[in-house]
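A.B. asks: Sharing a structure below in structure tokens format, with a few things to ask.
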Amino acid sequence: MIFPRIFRVRQTFERQRVADVTAEVRRELERLNLRERVRPGQTVAITAGSRGIANIHLIIRAAVDHFKSLGAQPFIVAAMGSHGGGTPEGQRRILTDYGITEEFCGCPVRCNMETVILDRTPEGIPVHFARDAADANHVLVVGRVKPHTRLTGELQSGLMKMMLIGLGKHAGAHAYHRAFADFSFDQIARSVATRVMDKGRVLAALGIVENAHEETALIRGVLPHELEEQEKQLLALARRWLPRLPFDHADILLVDEIGKEISGCGMDSNVVGRKLQLHQAAPEEFPKIKRIIVRGLTEQTHGNATGLGYSEFCLTRVVKAMDQRSTWINVNTAGNPAVGMIPPHYDTDRETLTVALGTIGLVEPPRAKLLWIRNTLDIVEVECSEAYLEAARARADLEVLGEPRPLAFDATGNLPPTLHDGR
């Protein structure tokens, strides 16, 4: 088979960023004037989730330092639902990977999976709340706000969700995801979060928004009474700054890696155009990609291959690296088992591409529209097939970084481990 030749482009995205995240956290928390509510000696639980948020270890440590300056006793509580296999050891390992350790942050890190029931919602759902957080005098909710991989509406992935799924631990995540089959996320989020804020001693929140370069673009301190309205505003900014593929149509998308720190579904469905349907874009959704090929799992996902079911093909090494127990706990808890399904897989990139190119219709392989990315967070630079060259040269927001060249298969039939290794 004659494969399409490729060239690299660099995209231009809006790039607002926080120069000093530690100082910004301190300013935002001071602005909230929490010293009026936090007394010396009181305990403050600070949430830490399972997403790969830029500078999260620095943000968490700055929050710890702020409460120490008030004479309080802060500690960190793992708030990540069923991630890490739903075990204390698995969740501690995830936090350690992000640099969130007792040594670095200067306070205890608690990963107990037990919950207490704070209340019941009008829909009859028990409101689970992490026991570690329930035992504290105050709770600071820390989380990134961004469009969710499946949810639509005014509230998606952010602070409200952290109070449900994160602080609900495995038991709460399971209960709430079951409820999403009968009620909208917005309704359940409001029902649960209202009771968490009323009875869970939520002191404040820190909302984080990132830009398309995986950098901290904004940090905002939020008081409980303004949390819902502030989250809507932050979500609008997150949508505006969301990274996007350079073109709206592709025959094949090569993805070097998926992982839970990249997205809750391994790859961001907002980026690959599969938020509403598993294997194709909805009529009004872009981009429209015929086939996705997954080449690997990130180290930090620890075998959790949630999101593999979005792809049509993968390399056999992905299946071998998959921790089925961890993956299936996660996807079943989320009520979305399809995203944990294993697609047809092959030993080499050459074989996988050969099969995939035979399924895209009448277009001849050399003219196929192929995009190659590292992951759905890292798409400032993208490899594109020659079919895009004329359009790329006409775009002011794209810089063509070289002339088309053949795909660099090695003697075993594989491409470089990531596109960044193939310069």
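The values are calculated or read from the model by the stated rules, or taken from the named source; none is laboratory data. Values in this document were obtained by computation on a predicted structure and should not be read as measured data. Positions of Cβ are generated from backbone atoms using ideal geometry, with glycine treated the same way; all protein chains shown enter the neighbour counts.
A.B. asks: When residue 96 is evaluated against the numbered criteria (1) β-branched (Val, Ile, Thr); (2) touching a residue at least 24 places away in the same chain (Cβ under 8 Å); (3) farther than 25 Å from residue 37 by Cβ, which criterion, by number, is the only one it fails?
C.D. replies: The single condition residue 96 does not satisfy is (2).
A.B. asks: In region 379-423, what count of residues is obtained for those that are assigned to a strand (DSSP E or B), closer than 18 Å to residue 354 by Cα and among the hydrophobic types (A, V, I, L, M, F, W, C)?
C.D. replies: 1
A.B. asks: Let me ask something additional. From the list 121, 96, which one is farther than 20 Å from residue 224 by Cβ, polar (S, T, N, Q) and either outside the structural domain of residue 259 (by TED's automatic domain parsing) or buried (at least 24 other Cβ atoms within 10 Å of the Cβ) (or both)?
C.D. replies: 96
A.B. asks: So, one more: Looking at region 120-161, which of its residues are closer than 17 Å to residue 44 by Cα, more than 18 Å from the chain's Cα centre (by Cα) and not in a helix (DSSP H, G or I)?
C.D. replies: Listed by number, the residues that qualify are 129, 130, 135, 136, 137, 138, 139, 140.
A.B. asks: Can we say residue 307 is at positive phi and over 17 Å from the mean Cα position of the chain (by Cα)?
C.D. replies: no
A.B. asks: Is it the case that some residue within region 332-353 is in contact with a strand residue (DSSP E or B) (Cβ under 7 Å, 6 or more places away or on another chain), over 21 Å from residue 157 (Cα atoms), polar (S, T, N, Q) and assigned to a loop (DSSP other than H, G, I, E, B)?
C.D. replies: no
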